[in-house]
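Take a look at the structure set out below.
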Amino acid sequence: MEHRRLGRTGLRVSSLALGTLTWSRDTDDHEATDQLRDFTEAGGTLVDTSAAYADGGAEELLGTLLGDVVDRDDVVICTKAGVRRTATGGVVDASRGALLDSLDASLRRLRTDRVDLWLATPDPRTPLEETVSALRHAVQAGKARYVGLSNHAGWQVARAATLLEPDPGLAAVEAEYSLLQRGVEREVLPACAALGAGLVAWSPLGRGVLTGKYRRTIPSDSRAASAHLAGFVQPYLTADAAGVVDAVVTAAAGLERSPLEVALAWVTSRPGVASAVVGARTAAQLRGALAVEDLRLPPEITVALDEITAPPAGYPERPGR
């Protein structure tokens, strides 16, 4: 598997990342073990998790596998914070205290003394300066090697990068990016390119829709049929999205590859993308994604997909239009 620099940092990550959104809830320890083993044997290094996944269950499951399935130093662990658990549910909180408490809890669950990449999620009630101060402290305390943001707007990326200069710097931005969601191309990707942050693309398969499995029905074992994930998939079960899926399926047929591979190859080839997070429920699904490593889309197919899915843009991204 190809390894790439994360932005302008010295950290190198695999072009595909192993996502753990379903771990300990839809993916049990046996499937997680197989996923982690298959992923690392294919050359993968970046494992993406979050304190919010299964209320910390995903981190805890990953922690039990470190040392047994893979050596801790052979993987790059990325986790996220910004949602605090309470008796009544999750509360968005990226304040300094909440973030640092969350990081300590993540380290305990992961059974490690540091994470390689720590990301903060947005909190409109907390000044960005305070959130950034927690990121800086985590690096200074040796609990995080690199830091970044998750799901922030372009202006927030620019502001955070400025606040983190010159050290430790903004290493990464994690954001949704696929043929069904190209909004980051307006401001977030240009900001990352200008400021030296690498983009980690989540849901590169359009929340699973770009695999083509929802073209005719909703499979009973799919996320769209799941009580806790149906709302996550629903926004892309539209007529417009179906047209994009049809284009991907047509391209895949011409290349004698799967729609999954075409959609994933498109994302991983985009400028500025350091890694694309693949969150599979089973090891078999993950192996299908790992097969993309030898696929390079012909220019004419890339251009066609670009044109079909181009995001709307005007002033001020394109002055004079």
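If I filter region 196-209 for residues that are over 20 Å from Ala94 (Cβ atoms), part of a helix (DSSP H, G or I) and in contact (Cβ under 8 Å) with a residue 12 or more places away in the chain, do I get at least one hit?
Within region 196-209, one or more residues are over 20 Å from Ala94 (Cβ atoms), part of a helix (DSSP H, G or I) and in contact (Cβ under 8 Å) with a residue 12 or more places away in the chain.
Would it be correct to say that Ala172 is touching a strand residue (DSSP E or B) at 6+ places or on another chain (Cβ under 7 Å), more than 17 Å from Thr302 (Cβ to Cβ), of a type outside the set (Asp, Glu) and at pLDDT 95 or above?
Taking the combined requirement at face value, the residue satisfies it.
Taking the condition of being among the β-branched types (Val, Ile, Thr) and part of a helix (DSSP H, G or I), how many residues in region 269-321 meet it?
The number of residues fulfilling the criteria is 6.
Would it be correct to say that Asp55 is within 30 Å of Gly169 (Cα to Cα), over 14 Å from the mean Cα position of the chain (by Cα) and at pLDDT below 95?
Considered against the rule, which asks whether it is within 30 Å of Gly169 (Cα to Cα), over 14 Å from the mean Cα position of the chain (by Cα) and at pLDDT below 95, Asp55 comes out as yes.
What number of residues in region 116-130 are surrounded by 18 or more Cβ atoms within 10 Å (Cβ to Cβ) and in contact with a helix residue (DSSP H, G or I) (Cβ under 7 Å, 6 or more places away or on another chain)?
Residues that pass the stated criteria total 4.
Looking only at residues that are among the hydroxyl-bearing types (Ser, Thr, Tyr) and closer than 23 Å to Leu199 by Cα in region 16-39, which one is nearest to the chain's Cα centre (by Cα)?
Per the stated criteria, the residue is Thr20.
Taking the criterion of being modelled with pLDDT under 95, touching a Leu at 6+ places or on another chain (Cβ under 8 Å) and surrounded by fewer than 18 Cβ atoms within 10 Å (Cβ to Cβ), would at least one residue in region 259-279 satisfy it?
no
Tell me which of these Ala247 doesn't satisfy, since it passes every other one: (1) in contact (Cβ under 8 Å) with a residue 60 or more places away in the chain; (2) buried (at least 21 other Cβ atoms within 10 Å of the Cβ).
Unmet condition: (2).
For the subset of region 73-122 comprising residues that are of a type in the set (A, V, I, L, M) and at pLDDT below 95, which member is farthest from Ala175 (Cα to Cα)?
Checked region 73-122; the qualifying residue farthest from Ala175 (Cα to Cα) is Ala87.
Restricting to region 18-33, count the residues that are surrounded by fewer than 24 Cβ atoms within 10 Å (Cβ to Cβ) and touching a strand residue (DSSP E or B) at 6+ places or on another chain (Cβ under 7 Å).
1
Based on this model, can you work out whether Leu264 counts as closer than 28 Å to Leu195 by Cβ, part of a helix (DSSP H, G or I), under 20 Å from the mean Cα position of the chain (by Cα) and touching a residue at least 12 places away in the same chain (Cβ under 8 Å)?
Yes: the conditions hold for Leu264.
For residues that are on the phi > 0 side of the Ramachandran plot and crowded, with 20+ Cβ neighbours inside 10 Å, tally how many sit in region 56-99.
Adding up the residues that qualify gives 2.
Which of the residues belonging to region 105-130 are within 22 Å of the chain's Cα centre (by Cα), in a helix (DSSP H, G or I) and without any contact (Cβ under 8 Å) to a residue 40 or more places away in the chain?
Leu107, Leu128, listed by residue number.
Looking only at residues that are assigned to a strand (DSSP E or B), touching a residue at least 60 places away in the same chain (Cβ under 8 Å) and of a type in the set (Gly, Ala, Ser) in region 131-177, which one is surrounded by the fewest Cβ atoms within 10 Å (Cβ to Cβ)?
Ser150
The values are calculated or read from the model by the stated rules, or taken from the named source; none is laboratory data. Computed from a prediction, not measured in an experiment: that's the story for all the values here. Because the Cβ atoms are built from the backbone with ideal geometry, glycine has one as well, and the counts that use them run over all protein chains shown.
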